[in-house]
Amino acid sequence: MEELEWVIPFVPAEDVFLLGIVPGIEWVIAAAVIVYAAHSLYGGLVPQSQVFGPIFRGRSGAGRVVALTFDDGPHPTATRQIMDLLEARGARGTFFVIGRHAEACPDIVREIVRRGHEVGNHTQSHSWLMALALFRKTRDEIEICQETILKIAGHRPRFYRQPIGFKNPFLFRQLKRSGLVAIGWQARGFDSHASDSGPVARRVLRKVRPGGIIALHDGCDMEMDRDRTATIATLSTVLDRLEREGFRFTTVSRLLGESPYQSGTPDGAAQPHPGRRPFAVRPGPPDQPAA
Ligand SMILES: [Zn+2]
């Protein structure tokens with residue numbers, strides 16, 4: 001009985017119903033606990049897992065198109081450089097901003113929206129402990145960031161990306177309450193702390209598929225003005241290569257077919273982006289700038 005008493009330390013083994021009646025039941029219970037724990041760890045720590053709820057990672061059958069997303073900004077200089085790079089190709093991106101960075105650089109958040117790019121929620125503080133957070137912490141990280149973006153840009157985002165991809169069992173209940181859709185990725189470069197763009201670009205290009213989402217970092221969660229040279233070089237390489245291969249670049253809202261913002265925002269500007277506009281599935285020129 002030692003194993004069972006270790007698993008359920010406050011319940012005397014002999015008091016558990018069926019123990020002693022069904023031979024080996026303690027092993028069945030122990031196995032169930034281990035499976036449950038492994039299942040929860042997988043759901044919480046593996047970014048692409050959908051154990052706790054749905055995550056949009058791309059649209060198969062969308063043709064040669066990819067959505068470009070950027071996390072952890074806004075960055076005092078890099079966010080604008082990235083927008084310039086995208087716009088030179090007629091493309092737009094989706095920027096998942098950290099609330100406290102948005103508060104430090106509100107003009108850049110407004111500029112993202114004004115230039116036709118999209119702003120999403122990446123939590124207020126980008127805590128690495130979100131996988132272990134209880135409901136209250138989860139709610140606050142999400143809702144305070146929503147309010148921060150609303151106050152700065154006049155829109156409540158529709159899209160949410162979890163820091164580092166970690167999730168917890170409370171996350172999806174709060175996302176539903178906040179009217180948010182969880183957005184994942186199909187290809188990421190691990191560029192957050194990278195100094196060499198070569199491996200980052202190769203990782204992205206190896207994983208990217210038509211209809212997928214690429215995740216890069218215009219900012220850094222730990223240091224707001226960290227050098228982003230590697231990410232910008234990576235983006236140039238990726239854009240050049242994918243363009244040569246006939247890909248078009250789009251935003252999460254176009255790929256998903258939903259507006260990037262929730263209606264009912266105070267300024268009454270309901271939907272600044274042609275959210276449900278379908279995109280062509282055949283190779284063609286890059287998307288035109290958003291309205
Ligand atoms: Zn992040």
Please give the charge dipole size of the range 128-195, origin at the Cα centre, charges +1 on K and R Cβ atoms and -1 on D and E Cβ atoms. Round to the nearest 20 debye. 280
Stretch gain in nm, segment GLU103-SER40, where the contour uses 0.36 nm per residue and the Cα spacing is subtracted: 19.3 nm
Report the label-to-label distance for GLN48 and ASP225 in nanometres (one decimal), using points 7 Å from each Cα along the Cα→Cβ vector. 3.8
Kindly state, as a whole number, the per residue volume in cubic angstrom of the convex hull around the alpha carbon atoms of the range 102-217. 127
Taking the convex hull of the alpha-carbon atoms of the range 125-172 and averaging its shadow over every direction gives an area in square nanometres of 3.2
Given points 7 Å out from each Cα along the Cα-Cβ axis, report the LYS176 to VAL33 separation in nanometres with one decimal. 3.0
Order of 178-187, 103-112 by packing, highest average Cβ count within 10 Å first? 178-187, 103-112
Normalized C-alpha radius of gyration of the range 78-146, against 2.2 N^0.38 Å? 1.26
Förster radius 41 Å - calculated FRET efficiency between VAL22 and PHE135, Cβ distance, rounded to 0.05: 0.70
Heavy atoms of MET222: accessible area, 1.4 Å probe, square angstrom to 10: 130
Most to least packed among 88-99, 240-251 [average Cβ atoms within 10 Å]: 88-99, 240-251
Looking at the range 65-262, what % of the alpha carbon pairs are farther apart than 26 Å? 25
Using a Cα-Cα cut-off of under 20 Å, which lysines could be cross-linked to LYS137, ignoring same-chain neighbours fewer than 8 residues away? LYS167, LYS176
Taking 0.36 nm per residue of separation between GLU243 and ARG80 and subtracting their Cα-Cα distance, the length gained on full extension comes to 56.6 nm
For the range 213-254, take N as its residue count and report Rg(C-alpha) divided by 2.2 N^0.38 Å. 1.37
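The values are calculated or read from the model by the stated rules, or taken from the named source; none is laboratory data. Nothing here was measured: the structure is a model prediction, and the numbers come from that model. Please note: Cβ atoms are built from the backbone with ideal geometry, for glycine as well, and neighbour counts cover all protein chains shown. Quick note on the areas: whole protein, heavy atoms, side chains included, nothing else; ligands and nucleic acids left out. Shrake-Rupley method; radii C 1.70, N 1.55, O 1.52, S 1.80 Å.
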